[in-house]
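Written out below as structure tokens is the structure these notes cover.
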Amino acid sequence: MKLLLDLGNSRFKWALLDGDVIGDMQVSDYNQHASSDTVSALLQTLPLNQVDEIHSVSVLNEAFNAELNNSLKQLPNKSVYFYFSHKEKFGVSLAYETPADYGADRYAGLIAAHHMFQGDKIIIDCGTAVTIDAIDVRGKHLGGLILPGEHMMRDSLVENTQRIFYQDSVKDPAYLNASTPDAVLAGAALGLRHGVWGIVNEIRQKLNQHIVVITGGNAQRLYHPAYEPYHKCPALVLEGLKIMVNF
């Protein structure tokens, strides 16, 4: 049995892989752990007693990855593998001249979209940051862009202004608001939604028959009937990691 592990900026996701069958995705936020030692908390959370191989993509810093790698390798009968972006591998040709600059999770999402869907693809990954990429039917990555996520927009606004604040709310964003907290929440949510779909509509003009794939922990903030059809793929990165493991 293998463990697939996606270490993102705000949360980590994992699933068990048995041959070509991937189990249900599990998700945890780093800040939910009482321990200040995140690596130790990870080791306590993951089902390591069920697996003999750990396969991971990570966007975290090298020091964290090295500490986690060393801790995992100290466990008996465990093999540990970290995956990185390549210029040309797994059926995908990356647009970046320096593959190391392209996030490993973003790369796994590209691979998954290429192997799972037909035609040209636009991939939206909505997490702490939001990435939008395009890949054609042959597996050629056409490039992409990165923009701040909703929480980053809010926090930047509060940190760089006076007398502007917000409190998290589950209310649907409105276009006209009668309080500063509601105005900030709506501005970030609607600004991100319209910004992302406006960019997607521009990219669409450069593609042939295509589909849109959405993933990421905050992807539900982009869901709207006006922009359908699109494919919701919460486990896209883990699906790509599965392909890399079994390629």
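Key figures for this structure:
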{"quantity": "Choice from ASP136, ASP120, ASP182 with maximal GNM fluctuation in the chain (Cα, 10 Å cutoff)", "calculated": "ASP182"}
{"quantity": "Segment 121-223 - share of DSSP beta bridges that are antiparallel (%, nearest 5)", "calculated": "70"}
{"quantity": "Per principal axis, descending, Cα span of segment 1-141 in whole Å", "calculated": "43, 31, 25"}
{"quantity": "Calculated P(r) of segment 4-76 - Cα pairs past 21 Å, %", "calculated": "21"}
{"quantity": "Antiparallel %, DSSP beta bridges [both residues in the chain], to 5", "calculated": "60"}
{"quantity": "For SER93, residues with placed amide H under 5 Å, excluding near neighbours", "calculated": "LYS140, HIS141"}
{"quantity": "Translational diffusion of segment 58-111, µm² s⁻¹ [Kirkwood Rh, Cα pairs; Stokes-Einstein; 25 °C; 0.890 mPa s]", "calculated": "196"}
{"quantity": "Spacing of the two label points (7 Å from each Cα toward its C-beta) at GLN220 and ASN246, in nm", "calculated": "2.9"}
{"quantity": "Surface accessible to a 1.4 Å probe, per residue, for the residues of segment 137-214, Å²", "calculated": "65"}
{"quantity": "Which of MET153, MET244 is most accessible, then next, and so on - probe 1.4 Å", "calculated": "MET153, MET244"}
{"quantity": "Accessible surface of the chain [probe 1.4 Å, protein heavy atoms]: carbon and sulfur percent", "calculated": "49"}
{"quantity": "Rounded if a/c under 1.5, otherwise prolate or oblate - segment 142-195, Cα gyration tensor axes", "calculated": "oblate"}
{"quantity": "Of LYS140/LYS242; LYS78/LYS140; LYS73/LYS140; LYS2/LYS89; LYS171/LYS232; LYS78/LYS121, those spanning more than 26 Å from alpha-carbon to alpha-carbon", "calculated": "LYS78/LYS140; LYS73/LYS140; LYS78/LYS121"}
{"quantity": "Where segment 1-109 is the region considered: accessible area per residue in Å², 1.4 Å probe", "calculated": "52"}
{"quantity": "Using θ = phi - 60° and Karplus 6.51 cos²θ - 1.76 cosθ + 1.60, couplings along segment 139-154 (whole Hz; Gly, Pro as x)", "calculated": "x, 7, 6, 8, x, x, 8, 10, 9, x, x, 4, 5, 5, 4, 4"}
{"quantity": "Inter-label distance for GLU159 and GLN26, nm, one decimal - labels placed 7 Å from Cα along Cα-to-Cβ", "calculated": "3.2"}
{"quantity": "Karplus-derived 3J(HN,Hα), 6.51/-1.76/1.60, for each residue of segment 223-240, Hz, glycine and proline x", "calculated": "5, 6, x, 5, 10, 5, x, 8, 9, 8, 9, x, 9, 4, 5, 5, 5, x"}
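The values are calculated or read from the model by the stated rules, or taken from the named source; none is laboratory data. Worth saying up front: this structure is predicted, and the values here are computed from it rather than measured. Note that we place each Cβ from the backbone using ideal geometry, even for glycine, and neighbour counts take in every protein chain shown. To get the accessible areas, we keep the full protein, side chains included, count just its heavy atoms, and leave off ligands, DNA and RNA. Shrake-Rupley method; radii C 1.70, N 1.55, O 1.52, S 1.80 Å.
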